[in-house]
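Working notes for the structure below.
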Amino acid sequence: MVIVQHFADSVKAYIKAIHTRGHVFVVPDRCPHPDCQAVGSLSRWGFYERNAITEEADYRIRIQRVRCKACGRTHSLLPDFLHPHRHFALDWLRKVVSLYLLTGLGWRRLLKRLHGQGPARSTVREWVASFAYGAGHLLFDWLLRHLLALEPDADLPEQPPDHLERVPDPLKRRRLEKAHTFWLLAERLYAQVKARLPRLHFTAHHFLAFVLQWLQKQGLSPRLFWSPRLHSTPTTPF
């Protein structure tokens, strides 16, 4: 199981901290698995390596593992600049999804905005489709329930943006429209949480990291991008 930990600095700072201190994060106080939840049972259990691709470079970084003495399960402490099972840094994914859903750029203009670097067109399209499935299908109702609990008189954004009407497939178009609304509702959720926690501060670059951590605190897997092509992807909304 992945445990997202806050690390707002750069990938370079993360690598330096690992090499300097040997580790970055404090071990969580309890096992995150819902069937265990044992307190004080986690201990460090080595590392594994994975890629972290940013706009500047492709890094190879170490990820800390922890093991629960009570249930024997291992978990990964993932820095919040990464998304589970994605090699590109979360800010890449945020930029692509916001350019498509919020700015309304088509694929050709979107790729030009990326200055010819980074992900291929097929990868970019997969990110948008996975966010539409995760945010627009799996997580939409869950987010709405939590926002209404904090802001009972909240109104849904009215009309979806016109550029999404170009999507020919009605199911994909509906998911994209709901994913667009999800993004706006998540911004309002952040505003409500920040009003209760004044010290909370996330820049635009760390907005999706905030959502991942919020999902985790509510007992859900900290994932926003769920590929509908994988058999392991849930089909029923949370």
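What follows draws every value from the coordinates through simple rules; no lab data is involved. Bear in mind the structure is a predicted one, so any value in this text is a computation, not a measurement. Ideal geometry is used to build each Cβ from the backbone, glycine not excepted, and the neighbour counts take in all protein chains shown.
A few remarks follow.
- Positive contributions from Lys and Arg (+1) and negative ones from Asp and Glu (-1), summed over other residues with Cβ under 11 Å from the Cβ of Arg86, come out at +1.
- Listed by Cβ neighbour count within 10 Å, with the fewest neighbours leading, Thr54, Thr235 appear as Thr235, Thr54.
- Loop trypsin sites (Lys or Arg not before Pro), segment 1-91, which have at most 11 other Cβ atoms in a 10 Å radius of their Cβ (DSSP): Lys69
- Taking a straight line from the alpha carbon of Lys178, these aspartates and glutamates sit under 16 Å away, with near neighbours fewer than eight places off in the same chain left out: Asp141, Asp155, Glu158, Asp162, Glu165, Asp169, Glu187.
- A Förster radius of 30 Å combined with the Cβ-Cβ distance from Arg30 to Leu197 puts the calculated FRET efficiency at roughly 0.90.
- Fewest-first sequence of Arg223, Arg199, Arg166 by Cβ atoms within 10 Å of each Cβ: Arg199, Arg166, Arg223
- Across the chain, Cα-Cα pairs farther apart than 34 Å form 17% of the total.
- Hypothetical label at Arg65: residues of segment 13-46 whose amide nitrogen lies under 12 Å (7 Å Cα-Cβ projection): 44-46
- Share, in percent, of DSSP beta bridges within the chain that are antiparallel, nearest 5: 75 percent
- Rounded Å value of the spacing that divides the Cα centres of segment 125-192 and segment 67-100: 21 Å
- Pairs with C-alpha atoms separated by more than 26 Å, drawn from the list Lys112/Lys217; Lys95/Lys194; Lys12/Lys194, are Lys112/Lys217; Lys12/Lys194.
- Helical mean residue ellipticity (222 nm; -39500 (n - 2.57) per DSSP H run of 4+; nearest 500) of the chain: -12000 deg cm²/dmol
- Relative to the longest principal axis of the Cα atoms of the chain, the long axis of helix 11-21 lies at roughly 10 degrees.
- For segment 2-79, convex hull of alpha carbons as volume per residue, Å³: 89 Å³
- Local net charge near Thr103, Cβ-Cβ under 11 Å (Lys/Arg +1, Asp/Glu -1): +3
- Surrounding net charge for Arg188, when Lys and Arg each add one and Asp and Glu each subtract one, Cβ distance under 12 Å: -3
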